[in-house]
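Notes follow once the structure below has been shown.
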Amino acid sequence: MKPVDEAKIGVACIQMEPVFGEVEINVRRSIALMTQAAQKGANLVVLPELCNTGYVFQTREEAHALAESLDDGMTVKAWQAAARELNLYLVAGITERDGAKLYNSAIILGPDGPVGRYRKNHLWADEALYFERGNLGFPVFDLPFGKLGCLICYDGWFPEAYRLLALQGAEIVCVPTNWVPVPGGQPDDKAIANVLTMAAAHCNSIFVAAADRVGTERGQPFIGRSLIAAQTGWAVAGPASAREEEIITAEINLAAARRGRNWNAFNQVLRDRRRDLYDEMLGAEAASRWY
């Protein structure tokens, strides 16, 4: 990676429209967009949920046929080669096959090789027919520029998920997502997903980079509006278009995620938690690393 000033990095969220079942086309398109993001100065790129296969499966057999091993699958090999060539880190949603089990996963890749994986913990709607619930907890990955966590789409509706990542020291959370319309909203309203993302960034003093998809797949519309939120909660890039493919970028300083937790002379958002009233780590086995 290019030298960084303190903890400054260029982040890009790629909003794209995968073609269902056309894995080679989707991967080739994603790499073309990654190349554009790198040309815009991105050190870290986020792709949408299940962006190599598409989202709306109709049978488990269909999902299994399109899924790949993260150890030797074509998609990961192609993305890894691109991350190496472009000298960047990539967080990308992928349909993972592990033996007979399927997971809605995110792969984290760097210029020097694989970093890790995250498996979606909270499954949405028909996902429960095809995927297992995640079994890796909420891992945080130590990268040269800072600590990174992942969530996927519906995970973001659970404040505990963001909080556990922040408590483990995450300074940025990358969210591959396929947001869908929420009943009751008007076309010009702010997306509920955007509100939740910005609130999570503010309440935990972390950066959040959420990459959504666009288009309609097998009758299911997706809302786009990818965004990058600062530790203050305010968007520093996006929300993107509701309909068009788009790359949003921002230069951020991850050091601000830790400094910004001191809101005034009295209040620090993680320190002020009432650990006498509830367990510090919400009952999880993860270790606290935020201080």
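Work out from phi, with θ = phi - 60° and the Karplus expression 6.51 cos²θ - 1.76 cosθ + 1.60, the ³J(HN,Hα) of each residue of the range 107-120, listed in order in whole Hz, and give x for Gly and Pro.
Couplings: 9, 10, 10, x, x, 9, x, x, 9, x, 9, 10, 10, 3 Hz.
Taking the Cα atoms only, what angle lies between the long axis of helix 74-86 and the longest principal axis of the chain, rounded to 10 degrees?
Orientation of helix 74-86: about 50 degrees from the principal axis.
Among the trypsin sites (Lys or Arg not before Pro) within the range 162-215, which fall in a DSSP loop and have no more than 15 other Cβ atoms within 10 Å of their own Cβ?
LYS190
If the viscosity is 1.567 mPa s and the temperature 4 °C, what translational diffusion coefficient in µm²/s does Stokes-Einstein give for the chain when Rh comes from Kirkwood over Cα pairs?
69
Hey, which of these cross-link pairs are over 25 Å Cα-Cα: LYS40/LYS120; LYS8/LYS40; LYS8/LYS190?
Table pairs above 25 Å Cα-Cα are LYS40/LYS120; LYS8/LYS190.
Rounded to whole Å and sorted largest first, what semi-axes of the equivalent ellipsoid does the C-alpha gyration tensor of the range 23-105 yield via the square root of 5 times each eigenvalue?
25, 12, 10
For the range 76-155, what value does the Rg/Rh ratio take when both radii are computed over Cα atoms and Rh is the Kirkwood radius, given to two decimals?
Rounded to two decimals, Rg/Rh equals 0.99.
Could you tell me what a quarter of the Cα convex hull surface of the range 1-158 works out to, in nm² with one decimal place?
That works out to 8.9 nm².
For the Cα atoms of the chain, what angle does the longest principal axis make with the long axis of helix 23-39, in degrees from 0 to 90, nearest 10?
Once rounded, the angle reads 40 degrees.
Using only the alpha-carbon atoms, how far is helix 192-204 inclined from the longest principal axis of the chain? Give it as 0 to 90 degrees, nearest 10.
The angle comes out at about 40 degrees.
Mind checking the alpha-carbon convex hull of the range 130-281 and giving the volume per residue in Å³?
Cα-based convex hull of the range 130-281, divided per residue, equals 146 Å³.
Taking only Cα atoms of the range 202-291, what ratio of Rg to Rh do you get with Rh as the Kirkwood inverse-distance radius?
Taking Rh as the inverse mean 1/r over Cα pairs, Rg/Rh reads 1.11.
Principal axes first, then extents: for the Cα atoms of the range 71-112, list largest minus smallest coordinate on each axis, whole Å, largest first.
Its Cα atoms span 33, 16, 12 Å along the three principal axes.
Counting only protein heavy atoms, what percent of the accessible surface of the chain is carbon or sulfur at a 1.4 Å probe?
After summing per-atom areas, the C and S share lands at 51 percent.
Which of the aspartates and glutamates could a cross-linker span from LYS77 if the Cα-Cα distance has to be under 19 Å and same-chain partners fewer than 8 positions apart are dropped?
GLU22, GLU24, GLU49, GLU68, GLU85, GLU96, ASP98, ASP112
Taking amide H positions as placed 1.01 Å from N in the peptide plane, with prolines and chain starts having none, which residues 5 or more places from GLY54, or on another chain, fall under 5 Å of its amide H?
Those lying under 5 Å, H to H, from GLY54 are GLY21.
Roughly how many Å² is the accessible area per residue of the range 114-259, as a whole number, for a 1.4 Å probe?
Computed with neighbouring chains in place, this is 40 Å² per residue.
Tell me, what is the per residue accessible area of the range 25-79 in Å², probe radius 1.4 Å?
39
In the range 170-279, what GluC sites (Glu not before Pro) fall in a loop by DSSP, with at most 15 other Cβ atoms inside 10 Å?
Passing sites in the range 170-279 are GLU244.
The values are calculated or read from the model by the stated rules, or taken from the named source; none is laboratory data. No experiment lies behind these values; they were computed from the predicted model shown. Neighbour counts are summed over all protein chains in view; Cβ atoms, including those assigned to glycine, are modelled from backbone coordinates with ideal geometry. All accessible areas refer to the heavy atoms of the entire protein, side chains included, with ligands and DNA or RNA removed. Shrake-Rupley method; radii C 1.70, N 1.55, O 1.52, S 1.80 Å.
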